[in-house]
Amino acid sequence: MIDSPASPTDTEVAAAAALAGAEIVRARYGRRHSRIDKGAGDFATDVDVAAEEAILDVIRAARPGDAVHGEEGGRRGAVDAVREWLVDPLCGTLNYATGSHLVAVNVALRNGPAAVADPFSGEVFLTDGETAWVQYDADGYGQGRTDAGGRRVADGHASGPVARRRPVGEERLAPTADTRLVDVNLDPPFPGAPAFRAVDLLAHPGFVERFRPRVVSTTLALAWVAAGRRAAYVTDGGDLSGSVHFAAGIALCRAAGCVVTGVDGGPVGPEGRGLVVAADAETHGLLMSLIRGGGRSA
């Protein structure tokens, strides 16, 4: 919920909306879900729909004149609305439906603030468009637990063998390539094939010499790049700047100081294609040299 006594900022609205969706996702985890077929093997669940409605409730209450484009409900609001929110209520639906915690809730004001919430870690990654930070235990996920100093702590991924414990609070995001971990999105379609196929990058000897590949089918991985938990993220696609899946993560990474381009090295936008998001220029340059080399082994 929005606790500010004054009119909430757009960043506060994004955070509250993302956390409202995350609460639905977390609360319904592990239950039997109905599926809504989208064709070509894609589907949504009743949780996607419910989370999107929770997000819309927050945005409508705080910004009634704005339009909202949700993955499940499409565009809603006044046709002539100047401002538009982009909402992906459950990024990683297949992961979620099969019992994985690797999901994200994405909320972004087009060309403005954005929030990416992890429903299972108590973290929400935020940007006001200029800076980027993470709030731990943002809505009390770890409430009731304390550390040795008596501070409340967030559990991290509750079902994991090792729970991350952080004091409740926030921290500025600081991208770094030290982990050498690079997430590569392998979800179809593959519009760049045969010139570029992400799967070929995984087998390139230059790639495996310098990086350690990971495959995460959720844009939570973009927040991990901004937070220094991943060195980079690569995905094919068209113009992803206005995508409900990617807009929040792109905004977050840009504000954190990451290098953000298309897979062709050009700007992300109407003429762009896909994404290469790297913690620093060196990592970005290495990845682009591999991609331009066809991403294939010799």
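The values are calculated or read from the model by the stated rules, or taken from the named source; none is laboratory data. Note that the coordinates shown come from a computational prediction; the quantities given were computed from them, not determined experimentally. Here Cβ is always computed from backbone atoms with ideal geometry, including for glycine, and neighbour counts include all displayed protein chains. Quick note on the areas: whole protein, heavy atoms, side chains included, nothing else; ligands and nucleic acids left out. Shrake-Rupley method; radii C 1.70, N 1.55, O 1.52, S 1.80 Å.
Filter segment 184-225 for residues that are in contact (Cβ under 8 Å) with a residue 60 or more places away in the chain, over 16 Å from residue 248 (Cβ atoms) and either assigned to a helix (DSSP H, G or I) or of a type in the set (Gly, Ala, Ser) (or both) and give the result.
Those that are in contact (Cβ under 8 Å) with a residue 60 or more places away in the chain, over 16 Å from residue 248 (Cβ atoms) and either assigned to a helix (DSSP H, G or I) or of a type in the set (Gly, Ala, Ser) (or both): 192, 195, 198, 200, 201, 203, 205, 206, 207, 210, 217.
I need a count of the residues in segment 242-271 that are in a strand (DSSP E or B) and of a type in the set (S, T, N, Q).
1
Quick check on this structure: which one of 293, 238, 228, 285 is surrounded by fewer than 24 Cβ atoms within 10 Å (Cβ to Cβ), small (Gly, Ala, Ser), without any contact (Cβ under 8 Å) to a residue 60 or more places away in the chain and under 17 Å from residue 192 (Cβ atoms)?
Step by step, each of 293, 238, 228, 285 is checked, and only 238 is surrounded by fewer than 24 Cβ atoms within 10 Å (Cβ to Cβ), small (Gly, Ala, Ser), without any contact (Cβ under 8 Å) to a residue 60 or more places away in the chain and under 17 Å from residue 192 (Cβ atoms).
Of the conditions (1) at pLDDT below 60; (2) open to solvent by less than 70 Å² (accessible area, probe 1.4 Å); (3) of a type in the set (S, T, N, Q), residue 159 satisfies every one except a single condition; which number is it?
Single failed check for residue 159: (2).
For segment 269-289, name all the residues that are among the acidic types (Asp, Glu) and either under 17 Å from residue 183 (Cα atoms) or at pLDDT 95 or above (or both).
Correct list: 280, 282.
Checking the structure you have, find out if any residue of segment 32-45 is within 22 Å of residue 189 (Cβ to Cβ), at pLDDT below 95 and under 18 Å from the mean Cα position of the chain (by Cα).
Checked against the condition, which is being within 22 Å of residue 189 (Cβ to Cβ), at pLDDT below 95 and under 18 Å from the mean Cα position of the chain (by Cα), segment 32-45 yields at least one hit.
If you scan segment 41-73, which residues turn out to be open to solvent by less than 60 Å² (accessible area, probe 1.4 Å), outside any helix (DSSP H, G or I) and of a type in the set (D, E, K, R)?
Answer for segment 41-73, where residues must be open to solvent by less than 60 Å² (accessible area, probe 1.4 Å), outside any helix (DSSP H, G or I) and of a type in the set (D, E, K, R): 63, 66, 71, 72.
Those residues that are open to solvent by 20 Å² or more (accessible area, probe 1.4 Å) and closer than 17 Å to residue 19 by Cα, I need them from segment 94-119; list them, please.
101, 102
Please tell me if residue 76 is in contact (Cβ under 8 Å) with a residue 24 or more places away in the chain, farther than 16 Å from residue 249 by Cα, open to solvent by 20 Å² or more (accessible area, probe 1.4 Å) and more than 21 Å from the chain's Cα centre (by Cα).
Here the answer is no, as residue 76 does not meet what is asked.
Would you be able to tell me the number of residues in segment 192-219 that are within 30 Å of residue 89 (Cα to Cα), more than 23 Å from the chain's Cα centre (by Cα) and small (Gly, Ala, Ser)?
Here the count works out to 1.
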